[in-house]
There are 2 protein chains.
Amino acid sequence: MATDHQLFDEMPVNLSKYSKRVLLKTILDRADGGLGLVEQRVVVGGWVKSSREMRKDPPPPPTTTTQPPVGGGGGGDAKEDAGGKDVKCVEVFQSRFPFLRTIIKVFGGNIAHTKEKLESIVPKPQPSMISFLQISDGSSVVSLQIMVDSSIAPPSLLMPTGTCILAEGILQKPSLQGKHVIELKAEKLLHIGIVDQDRYPLSKKSLPLARLRNCAHFRPRTTTVASVMRVRNVLTQASHTFFQNQGFVHVEVPILTATDTDGFSEKFEVSTSSVSTKEQKREEPVSMDDTVNISLETVMLSIAEKSKKVEELKRTDSNKEALAAAVHDLQKTNALAAELEARLKSKSRSKPKSKSKSSEFFSNEAFLTSSGSLHLESCASALGNVYAFGPRFQADISESKKSLAESWMIETEIAFSELEDVMSCAEDFLKFVSDYVSENCYENLYFLSKRVDKTIIDRLRSMASTPFEKISYTTAVEVLEKVVDKTFETKIQWGAALTEEHESYLVDEFYKKPVIIYDHPQELKPFNVRINDDGKTVAAFDVIVPKVGVLIRGSQKEERLNHLSKRINELGLQKEQYEWYLDLRKQGTVKHSGFSVTFDVMVLFATGLNDVQDAVPFPRNHGKLHN
Amino acid sequence: MATDHQLFDEMPVNLSKYSKRVLLKTILDRADGGLGLVEQRVVVGGWVKSSREMRKDPPPPPTTTTQPPVGGGGGGDAKEDAGGKDVKCVEVFQSRFPFLRTIIKVFGGNIAHTKEKLESIVPKPQPSMISFLQISDGSSVVSLQIMVDSSIAPPSLLMPTGTCILAEGILQKPSLQGKHVIELKAEKLLHIGIVDQDRYPLSKKSLPLARLRNCAHFRPRTTTVASVMRVRNVLTQASHTFFQNQGFVHVEVPILTATDTDGFSEKFEVSTSSVSTKEQKREEPVSMDDTVNISLETVMLSIAEKSKKVEELKRTDSNKEALAAAVHDLQKTNALAAELEARLKSKSRSKPKSKSKSSEFFSNEAFLTSSGSLHLESCASALGNVYAFGPRFQADISESKKSLAESWMIETEIAFSELEDVMSCAEDFLKFVSDYVSENCYENLYFLSKRVDKTIIDRLRSMASTPFEKISYTTAVEVLEKVVDKTFETKIQWGAALTEEHESYLVDEFYKKPVIIYDHPQELKPFNVRINDDGKTVAAFDVIVPKVGVLIRGSQKEERLNHLSKRINELGLQKEQYEWYLDLRKQGTVKHSGFSVTFDVMVLFATGLNDVQDAVPFPRNHGKLHN
């Protein structure tokens, strides 16, 4: 390793601190595009995005191609070969192909063990050629052009898209006319990671995003997905910066929970997969009883109907919270069915059904959290202003392009705050983040504005500078009811959830700016939102923005024990799950409010993408998990 | 709400932007301790930590206590009573207790609905008293003293530890001699959140941390736990700052995964808890067959023995990775047992066991990830330098004080980097974070150094400034073998994992500084660590620091397809799970290295705590989940 380091002794460009190369952004993202670095020796690494080859001019006669080049520091550097322990049975090839010494170094002598293998990867002698490779290392939107003489390595080995190379060479003005400001003339290839073109999903040509979803483990190698990831990174930074600047404490809320944290999502259940658990499961056979009578059947039918209704409601994104009532209804019927069934069973089975799960890791049911807000309220009731940033889960099978089974959320909770405080906070947050990402991520946004959505930058700037419109739900309904020049698919009426179409009308056509809608009917919001004095509406709000619709949902939480207990009863929630949460109202209760940001949707807003599957490194959705 | 805001018009101290009060740190963390703010009117909120009451001097005759005070702006402000709609049946009490108007406002007229209830919370007339409350709002280690005259609210209502109050008043020099620089003379109480003392777990007296674990939802109200949470927050900030400064891209690796990401932890399995799934489960009864013969029994016995061995190994923290072999051995035996069992079953059962899980959310098995490193490698093979910060899971039942079922990890992966690069990165990271937290969190560290561990600050400073010792595993064993003045519980020999005792000897007694041990025997490290040329050791490293032992584990990953495939076969891992991961070696492979930091253990290091259960807001461990 010491010898590798000696390469850099004379290098004036800053080395990437923890890898043996210069990050491409150090060269390409300079104001002069790298021109000031001409004649400097650098080592750079990356993956080939596209390439072409040219005959060396004047083209040498074909017979000379197997000779080592004179000078130029190609693959034939004797030093690199010192020791020669990796050479083995491939020595015979070396006289013909001097670059083999590089290849052997690359593979550590372990892939090229047999002549057959070598012959399959080493091409037949070719006329002297030059490969022009566009490589990217993920640090910049721009690629660096690398010029490699075929005496260093054969073009066919280097040119396939996806090939990884680590090259040492001299920066120079481009040898060919074109868009490049600078190129690297390779003198040594320190590493080649070859590509099996037949099985590699990416190519020079850009592929539709939907097709890239099948290869999540490769797609950040495309400039589009890489840019999205870099924007996502800056959005993360921006979010932390906002909350830290405002003195909020970051807390980690638990992922594993026994509490139904939002009261309406389908949940993932967690169990341990140890041997003992499996045995335990086998000892609990439960067979459907033949004596199930008509009344249970009726209940089952009702469940089917209600499930259907729930599924229907789920198809509309914006109706999500309106689902609560339907889901609770279904849950109640399920509970009834379970009870009936249990009663029937106890009649027909002498041995009681064992419920023991002692070999499970948790002794009670454990779920993946769908919202950190309840736990965050507990932290706010001690630390004041807190926020969390982590993954949240919902097992609802949905075709929505804005939700996944696993998605990252930013959640905040503020003690001693009321609805209007937290609405201001949400607005300031979005303004800050929009401004931050415009300032700190311009090249990526510019690239995405050309490839994905040309309105990105304007939209971010407008978000940062335009005061949001704040209207009550009732006002929103009144506005929508008065619309005459347009027919909505779903007729609006007080009490119903606004659909995406309604929200889009308000934001894009009526107010022409982000809109905060507050004071929704109680039925449309979670159980823990504070009831207003009118007894009908609750202190909740949604922030609706152009392009993506609802981006933030928030509310003032119910701090009054009697109201909260009443609501839990009304909805038939399992009270024992909420004992600790009710404790917060029994012991030093405080007015508090908060909101949650669907981070993945914020990435859509900033990048112009339409589907969260493209905004998340490894999206999780209904179906098969591939990695 | 508008009237509330008018309160602040004349207020020169900065209001907390999103709540109706001044954060206590704005007053108390000033260089003058708040003295410069004397005579300013502020609104502050918080929870009572301790309190005492004093008779007003000169004590008025008992008969006068029910009369409203003259002046002083107490609870009897006529404005606040306007409308009076909340008064209801409690009017009768008002003439006797003017402060009731405040209480009624606090409860929104909803708790105090009956005379009985009121009588239970409203105390009998008392001589005129003053309560001195120490309140904290979570923003500072220091508490603010608030002086409340009993004409504003009865001491018995305010004084219990945990009571939440929002008070308006005037900052003044302390009325009593003591440690306080400043106090607030309350003029109005805008909110009181009472406490049911019999059921409230916290008290004035500080409780042992172990006892506080039973009330995770309240414990951040203690100064110790709040300080830990604030240090944790600054450690989070510091970690992000380090990686962002170095140009790393933050990526979110998936929590739900089909890949066994570390190849040795017990895993949590995830399923959906929908009605249809439950039905599905019921349709798959599998009963233990009576014809199970002796050979299966033998295998089962062997499983029991091997499980015991695994359990034994688990008890030693530092042996964790050494478990791999034992666990794999167990897994193989399990597989054998399953096969035998299946064969026996197929003989005795005509109906084949249904394996269909079509109603599940995922069509294949889904686990909670134990390490993000494999997915992170995929991102590094495109974006270069990446890091992740999120929750990781292991279902191992362990009594270790340094691990939980759910713990936050920082993981990083660096393309084109080798072992020495990533060891430098790990060292720089720890130095940066230690320095950052010392600089940005001093008050909290100082408090914890008094309460928990007086060496915290020195330890952090020493970590930030001392170069780490780097030794190979072989050297470590040699050093330990030469020790004569001490007998280790576990004898050291080459090939065995170092125990905590060995590690502690090296760090605390021999080198007296953080030690990085690298090049471990292959059997002790995960399947994907790069094999060294000696064919015995791998390019892994552990960073061992005083107080907590191993804090970081890292390695150069095996980038060579043939080596990696061979290792996966040797260990009997399920190859189909790793197809996508092997793809990274088939297509543009790159040398890369990374490490993972157990964030929760880093909190122990910085705070001096001994048990991660005290360092995590809601710790998850074997047993019952309470929230």
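The values are calculated or read from the model by the stated rules, or taken from the named source; none is laboratory data. Keep in mind that this is a model prediction, so the values were computed, not measured. Cβ sites come from the backbone with ideal geometry, for glycine too, and all protein chains shown count toward neighbours. Surface areas here come from the heavy atoms of the whole protein model, side chains and all, with no ligands, DNA or RNA. Shrake-Rupley method; radii C 1.70, N 1.55, O 1.52, S 1.80 Å.
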Can you pull the one-decimal nm distance between simple spin-label points at B:ARG52 and A:ASN364, each 7 Å off the Cα toward Cβ? 4.1 nm
Quick one: with label points 7 Å out along Cα→Cβ, list the inter-copy distances for B:ASN214 in nm, shortest first? 5.8
Compute the label-point distances linking B:ASP29 to its equivalents in the other copies; points lie 7 Å from Cα along Cα→Cβ; give nm, one decimal, shortest first. 3.1
Which far-off residues, 5 or more places away or on another chain, put their amide H under 5 Å from the one on B:ARG21, with H placed in the peptide plane? B:SER16
Members of A:LYS188/A:LYS454; B:LYS431/B:LYS557; B:LYS470/B:LYS624; B:LYS431/B:LYS454 lying beyond 31 Å, as alpha-carbon distances in this model show: A:LYS188/A:LYS454; B:LYS470/B:LYS624
Taking amide hydrogens as modeled 1.01 Å from N in the peptide plane, which residues meet the under 5 Å criterion relative to A:LYS470, leaving out close sequence neighbours? A:ILE516
Within 10 Å of each Cβ in A:396-406, how many Cβ atoms from other chains are there, averaged over the peptide? 2
Suppose you put the label 7 Å out from Cα in the Cβ direction; list, shortest first and in nm with one decimal, how far A:ASP508 is from each other copy's label. 6.5
Per residue accessible area in Å² of the range B:406-548, where ligands, DNA and RNA are left out and the probe is 1.4 Å: 41 Å²
Which one, A:SER156, A:ILE192, A:ILE182, projects farthest toward the positive side of the charge dipole computed for the range A:146-194 from Cβ point charges (K/R +1, D/E -1)? A:ILE182
For the pairing of chain A with chain B, what total accessible surface becomes buried, with a 1.4 angstrom probe, in square angstrom to the nearest 100? 11500 Å²
Looks like the range B:465-545, by Cα gyration tensor root eigenvalues a ≥ b ≥ c and the a/c under 1.5 rounded cutoff (else prolate when a/b is bigger than b/c, oblate otherwise), is oblate
Between B:VAL195 and residues 5 or more places away or on another chain, the pairs with built amide H atoms under 5 Å apart involve A:GLY588
Inter-label distance, nm, simple model (7 Å from Cα along the C-beta direction), A:LYS173/B:GLU570: 5.5 nm
Go through A:HIS375, A:ALA405, A:ASN444 and say which Cα lies farthest out towards the positive end of the charge dipole of the range A:372-465; charges sit on Cβ, +1 for Lys and Arg, -1 for Asp and Glu. A:ASN444
Determine ³J(HN,Hα), in whole Hz, for all residues of the range B:381-397 in sequence, where each value follows from phi through the Karplus function 6.51 cos²θ - 1.76 cosθ + 1.60 and θ = phi - 60°; x replaces Gly and Pro. 6, 8, 9, x, 9, 10, 8, 10, 8, x, x, 10, 10, 8, 9, 6, 7
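Taking the mean number of other Cβ atoms within 10 Å as a proxy for protection, how do you rank B:218-224, A:619-625, B:590-596, B:380-386 from highest to lowest?
B:380-386, B:590-596, B:218-224, A:619-625
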Length gained, A:ASP32-A:ASP611, 0.36 nm per residue minus C-alpha separation, equals 204.8 nm
List for the range A:200-239: residues with 50 Å² or greater reduction in accessible area, all protein chains versus chain alone, probe 1.4 Å? A:HIS217, A:PRO220, A:ARG221, A:ASN233
Would you mind pulling out the separation of the Cα centroids of the range A:426-484 and the range A:555-582, in Å? 35 Å
